[in-house]
2 protein chains.
Amino acid sequence: MAEIDSGAEQPVPRKRADARRNEKTLLDAASAAFVASGVDVPVRDIAARAGVGVGTIYRHFPTRADLIVAVYRHQIEACAEAGPALLADSRTPHAALERWINLFVDFLITKHGLAAALQSDAAAFQTLHAYFLDRLVPVCDQLLDAAVAAGEIRPDLDAYGLLRGVGNLCVGAGSDPRYDARRLVQVLIAGLRLH
Amino acid sequence: MAEIDSGAEQPVPRKRADARRNEKTLLDAASAAFVASGVDVPVRDIAARAGVGVGTIYRHFPTRADLIVAVYRHQIEACAEAGPALLADSRTPHAALERWINLFVDFLITKHGLAAALQSDAAAFQTLHAYFLDRLVPVCDQLLDAAVAAGEIRPDLDAYGLLRGVGNLCVGAGSDPRYDARRLVQVLIAGLRLH
DNA sequence: CAACATACGGAACGTCGTTCCGGATACCAA
DNA sequence: TTGGTATCCGGAACGACGTTCCGTATGTTG
């Protein structure tokens with residue numbers, strides 16, 4: 001999958017200037033719209049914000065998931081990269097796991113509707129699912145393995161299940177002051193411990 | 001709120017026969033449609049199944065939530081009533097809580113899309129939310145109190161938060177074989193324990 | 001059997017995601 | 001500079017859906 005064509009001629013002759021400009025404009029507009037109305041904001045609203053037609057959105061981002069991934073790519077990468085660092089810095093693997101999960105939760109609950117979108121099994125969200133899993137499951141797996149190896153937690157839960165569960169706990173967390181997703185995630189992580 | 005007019009004349013002169021018949025037909029059709037396509041099944045599908053127009057559905061059940069509540073009322077009642085019984089039968093309050101939560105989870109994950117609907121903050125689902133909370137929160141509260149009094153679990157989690165968290169963990173559980181909501185709920189309940 | 005209240009059916013409307021294509025625009029070669 | 005062409009844009013158009021509305025049908029009652 002990785003392309004190693006540096007040095008050779010570019011088979012992609014570089015996009016038109018207006019196209020590149022629009023792509024950036026769209027990312028900014030989508031980002032603002034997500035903050036204002038959640039990731040479920042109507043496509044037309046994003047288009048209006050960016051001052052373009054809806055067709056332009058679909059040309060650059062074939063599915064809503066592509067747009068979401070593009071907007072949040074940096075933060076997801078940062079979260080993924082924090083995993084190994086936390087493992088090195090923390091006193092125990094379980095502490096690292098807890099801190100890393102907290103990063104993930106903080107990211108999710110500040111993005112209105114993202115956690116819900118993450119659980120959607122609609123075909124349009126396939127890309128979103130795939131990207132999150134590709135980047136985060138291996139990191140979580142590493143933390144989980146370390147904690148298991150240290151004898152701190154039960155060994156019968158995989159990274160996918162844990163991440164999905166944590167993501168689920170964050171659904172709707174931003175819109176109900178009575179619901180404290182952070183605390184429930186803490187309880188869940190506590191439940192991993194071997195008594 | 002409770003009406004104590006038994007014995008007095010009935011201000012509601014009893015509905016027309018065809019209306020009563022249609023209400024029952026609709027409940028059966030909705031129940032079948034929920035099983036076949038989840039609680040998100042289009043209203044028109046339910047109408048077609050029942051052999052009525054969509055207007056008839058809205059007349060009997062103003063919101064989708066009303067329909068869902070009507071279809072599952074019996075099961076929800078049964079779950080609520082099982083709480084005190086479990087508390088009496090189980091060896092410890094925590095065991096009763098765990099068994100009761102399992103009943104709730106079993107109910108949720110067999111109803112495609114219900115857990116997701118339960119988290120929706122759309123106005124149309126207000127009735128659904130209210131009914132679940134009215135019936136189940138007091139029961140859960142009772143179990144939780146007993147377990148706290150017995151010194152088994154941490155005292156800083158309320159019934160609302162726990163039920164909502166468990167409901168969240170069940171979102172999408174029926175459509176992803178890799179995701180085991182039951183196990184995650186077990187971990188969560190285990191996390192309640194004072195180590 | 002009339003006459004009235006009640007309930008029914010499904011057309012119609014607004015919203016949304018998504019597709020499609022005629023026209024505009026950037027790029028490049030001459 | 002100028003023409004030609006590949007690329008890109010805008011927004012109309014379509015289908016699915018929830019929801020409302022009203023002319024018509026049907027049961028109920030006197």
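The values are calculated or read from the model by the stated rules, or taken from the named source; none is laboratory data. Here the structure is a predicted model, which means the values were calculated and not measured. Methodologically, a virtual Cβ is constructed for each residue, glycine included, from the backbone with ideal geometry; neighbour enumeration extends over all protein chains shown. The area values use the complete protein model at the heavy-atom level, side chains included, leaving out ligands, DNA and RNA. Shrake-Rupley method; radii C 1.70, N 1.55, O 1.52, S 1.80 Å.
For chain B, leaving out every one of the GluC sites (Glu not before Pro) that falls in a DSSP loop and has at most 14 other Cβ atoms within 10 Å, the longest unbroken run is B:10-195. Rounded to whole numbers, the Karplus 3J(HN,Hα) couplings from phi for segment A:17-24 are 4, 5, 5, 5, 4, 4, 4, 5 Hz, using 6.51 cos²θ - 1.76 cosθ + 1.60 with θ = phi - 60°, and x at Gly and Pro. For segment A:88-99, putting each phi into the Karplus relation 6.51 cos²θ - 1.76 cosθ + 1.60 with θ = phi - 60° gives couplings of 6, 7, 7, 6, 9, x, 5, 5, 4, 4, 4, 5 Hz, in residue order, rounded to whole numbers and with x for Gly and Pro. May I ask you to list the trypsin sites (Lys or Arg not before Pro) in segment A:9-105 that are in a DSSP loop and have at most 14 other Cβ atoms within 10 Å of their Cβ? Hits after loop and neighbour filter: A:ARG14, A:LYS15, A:ARG16, A:ARG91.
Using a 7 Å projection from Cα along Cα-to-Cβ, the label point at A:ASP134 is separated from the same position in the remaining copies by 4.9 nm, smallest value first. Among the residues of segment A:98-123, those with an accessible-area drop of 10 Å² or more from chain alone to full protein complex, heavy atoms and 1.4 Å probe, are A:GLN119, A:ASP121.
Each copy carries a label point for B:PRO155 at 7 Å from Cα toward Cβ; from one copy, the others' points are 3.8 nm away, ordered from shortest.
Scanning chain A for the Cβ atom closest to the axis that brings A onto B yields residue and whole-Å distance A:GLY191, 1.
Each peptide in A:183-191, A:50-58 gets a packing score, the mean of other Cβ atoms within 10 Å over its residues, and the list from highest to lowest is A:183-191, A:50-58. Taking the centroid of alpha carbons for each part, segment A:48-112 and segment A:133-172 are 17 Å apart. Which shape class applies to the protein assembly as shown: rounded if a/c is under 1.5, otherwise prolate when a/b exceeds b/c and oblate if not, where a ≥ b ≥ c are the square roots of the Cα gyration tensor eigenvalues? Oblate.
Size descriptors for chain A: radius of gyration and Dmax over Cα atoms are 19.2, 60 Å.
Every Cα-Cα pair in segment B:20-84 was counted, and those over 13 Å apart are 61% of them. Annotation: lysines with alpha-carbon distance below 23 angstrom to B:LYS24 (same-chain offsets under eight excluded): B:LYS15, B:LYS111.
Over chain A, Cα pairs under 8 Å with separation of 6+ residues give a relative contact order of 21 percent. Over segment B:1-135, accessible surface divided per residue gives 58 Å², non-protein components excluded, 1.4 Å probe.
Counting only other chain Cβ atoms within 10 Å of each residue's Cβ, the peptide A:153-164 averages 3.
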